[in-house]
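Engineer: Dumping the structure here so I can ask a few things about it.
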Amino acid sequence: MSGREAARRSAVSSTRWRQIIDGYQTVSGTHVPVRAPAETVARMAQTTGVTVDELRNAGRGDAADALAELAGTPTPSSLGGAEGVQVEAIATLLASLSPEGREHVLRRFQSGAPGTVSPADTSDIRHRRAG
């Protein structure tokens with residue numbers, strides 16, 4: 001897909017798309033840094049297939065949360081309270097691991113290894129909380 005088409009699908013002008021991708025805009029001959037709002041980056045990510053994890057790893061946790069909300073996934077900020085703080089701390093710890101370390105932790109989680117919570121347990125927790 002072309003940049004112009006991606007911009008159109010993201011509801012961003014092609015000029016603004018290029019500025020965000022390049023990280024700057026030119027004002028009176030001077031390069032001025034550009035940092036797009038989280039919602040804009042989330043729409044761009046959704047259009048191009050960038051994941052929540054990739055946005056977090058790129059230092060755009062705000063855009064990762066916005067993308068998750070677009071996809072209907074609970075985010076630390078939508079959980080609120082102590083649970084939201086815990087989820088954010090876990091996400092930060094996972095992001096600090098090497099890709100191999102992250103994969104190992106997630107594999108343990110998915111297998112229900114001793115000392116971990118299984119995905120079924122977290123699903124049950126979410127359903128109890130919502131009810």
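Engineer: In region 37-52, how many are free of Cβ contacts under 8 Å to residues at least 24 places away in the same chain and surrounded by 12 or more Cβ atoms within 10 Å (Cβ to Cβ)? Outline the logic, then answer.
Structural biologist: So the first thing to find is which residues in region 37-52 are free of Cβ contacts under 8 Å to residues at least 24 places away in the same chain, and the list is 37, 45, 49-52.
Filter once more, so that each one left must be surrounded by 12 or more Cβ atoms within 10 Å (Cβ to Cβ): 37, 45, 50-52.
Summing the residues that are free of Cβ contacts under 8 Å to residues at least 24 places away in the same chain and surrounded by 12 or more Cβ atoms within 10 Å (Cβ to Cβ) in region 37-52 gives 5.
Engineer: Further, regarding this structure: Somewhere in region 17-33, is a residue modelled with pLDDT of 90 or more, touching a helix residue (DSSP H, G or I) at 6+ places or on another chain (Cβ under 6 Å) and open to solvent by less than 70 Å² (accessible area, probe 1.4 Å)? Quick ask: steps written out before the conclusion?
Structural biologist: Here is the first cut: in region 17-33, the ones modelled with pLDDT of 90 or more are 17-33.
Now drop any that are not touching a helix residue (DSSP H, G or I) at 6+ places or on another chain (Cβ under 6 Å), which leaves 17, 25.
Narrowing further to those that are open to solvent by less than 70 Å² (accessible area, probe 1.4 Å): 17, 25.
There is at least one residue in region 17-33 that is modelled with pLDDT of 90 or more, touching a helix residue (DSSP H, G or I) at 6+ places or on another chain (Cβ under 6 Å) and open to solvent by less than 70 Å² (accessible area, probe 1.4 Å).
Engineer: Kindly list, by first and then second residue, each pair from a residue in region 1-20 that is outside any helix (DSSP H, G or I) to a residue that is surrounded by 14 or more Cβ atoms within 10 Å (Cβ to Cβ), limited to pairs with Cβ atoms under 6 Å and residues at least 6 apart or on different chains.
Structural biologist: Ser10/Arg43; Ser10/Met44; Ser10/Thr47
The values are calculated or read from the model by the stated rules, or taken from the named source; none is laboratory data. Computed from a predicted model, the values in this text were never measured in an experiment. Cβ atoms come from the backbone with ideal geometry, glycine included; neighbour counts cover every protein chain shown. When the accessible area is computed, the model is the full protein with side chains, heavy atoms only, and any ligands, DNA or RNA have been set aside. Shrake-Rupley method; radii C 1.70, N 1.55, O 1.52, S 1.80 Å.
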